[in-house]
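Notes follow once the structure below has been shown.
The values are calculated or read from the model by the stated rules, or taken from the named source; none is laboratory data. Everything numeric here is computed off the predicted structure, so don't read it as measured data. Note: ideal-geometry Cβ built from the backbone for every residue, glycine included; neighbour counts use all protein chains shown.
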Amino acid sequence: MKNIKINSQKLNVGKIVCVGRNYAEHAKELGNEIPEFPLIFLKPASNLIFSGEKIVHPDYSNEMHHEVELVLLIGKKIKNADESAALNAIAGYAVGLDMTLRDIQSELKKKGHPWTLAKCFDGSAVVSDFVSSENYNLKGNEKITLSVNDETRQNSTLDKMIFPPVEIVKYISEKMTLEPGDLIFTGTPKGVSKVTRGDKIFAEIENIGRLETEII
C-alpha cells in the first residue's frame, strides 16, 4: 500500500482522481472542446510512484506523453462540500505527472471506448513530496514548468486553470465521497509531448516542490 507523509501524519493513498482538459490551451492543442465542467477519470493507487523512481515505458505503446500537474492531498472525509469545507479538506500540495499513452488513447477514443488503459499503468502517476496547506497558502498564480533533458516543454501558471482547486474538490465531492489519502490531479497546461526511454523529466511548481524521474 502506498502512503503519503505530511507533517507528523501518514495517510494511505486511496483513489487518484484526475481532471482532464483543465487548461484551455491544452484542450485546444489536442483538438478538444473546452469543458463546461471538470472532466473526471480515475487511476488506481498502484499506479503511483514518487520523485526519483523511474517510469517503465510500456512495450504496447509508441507514444508516451508527459503532463505536469498540481496535485491536491485530501485530509478529511467530505461529501457535497461547500467551498469552505472543500478548502479545509485540502491537506497539502505537490507536483505531479500524469503520464499518458497518447496513441492508445487516440485509438480507444476513435472506437468510442473508455481510455482507461491509456492512463492506468504502473508509474503513470508520479508525485513529489507534499507541502502542508497549514504551512503554505496557495496563491493560485504559481509557475508550473516541465523540462525534458533540460529542454523546457511546459511553462505556465496555475491561474490558467479553467476550474481552480477548491471548485474541483467541491465538484468531485458532489459526485463521490472524498476520503483522507485521496489524491486529485488538477490538469496540465499546454506543451505536452512525447518522451522516450532514456529521457529525464524535471517538473516544478513555484513554492510547492520539484520532482524528477527517468523513462526506462
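Can you go through K119, K175 and tell me which one is touching a residue at least 24 places away in the same chain (Cβ under 8 Å) and crowded, with 18+ Cβ neighbours inside 10 Å?
On inspection, the qualifying residue turns out to be K119.
For the subset of segment 160-172 comprising residues that are in contact with a helix residue (DSSP H, G or I) (Cβ under 7 Å, 6 or more places away or on another chain), aliphatic (A, V, I, L, M) and assigned to a helix (DSSP H, G or I), which member is surrounded by the fewest Cβ atoms within 10 Å (Cβ to Cβ)? Across segment 160-172, the extreme among qualifying residues is V166.
Only residues that are closer than 23 Å to S51 by Cα and basic (K, R) were counted across segment 83-117, and they come to 1.
For G187, state whether it is at positive phi and surrounded by fewer than 20 Cβ atoms within 10 Å (Cβ to Cβ).
No; evaluated as a whole, the condition is false for this residue.
Looking across segment 72-95, the residues that are crowded, with 21+ Cβ neighbours inside 10 Å and in a helix (DSSP H, G or I) come down to A86, A89.
Would you please name the residue that is surrounded by the fewest Cβ atoms within 10 Å (Cβ to Cβ), looking only at residues in segment 138-159 that are farther than 25 Å from E63 by Cβ and in contact with an Asp or Glu (Cβ under 8 Å, 6 or more places away or on another chain)? Here the answer is N141.
Just checking, does segment 198-216 include any residue being touching a His at 6+ places or on another chain (Cβ under 9 Å), farther than 15 Å from C18 by Cβ, in a loop (DSSP other than H, G, I, E, B) and of a type in the set (A, V, I, L, M)? Yes - at least one qualifying residue is present in segment 198-216.
If you filter segment 21-52 down to residues that are modelled with pLDDT of 90 or more and among the aromatic types (F, W, Y), you find that the one that is surrounded by the fewest Cβ atoms within 10 Å (Cβ to Cβ) is F50.
Against the list (1) of a type outside the set (V, I, T); (2) surrounded by fewer than 14 Cβ atoms within 10 Å (Cβ to Cβ); (3) free of Cβ contacts under 8 Å to residues at least 60 places away in the same chain, the condition S133 fails is (2).
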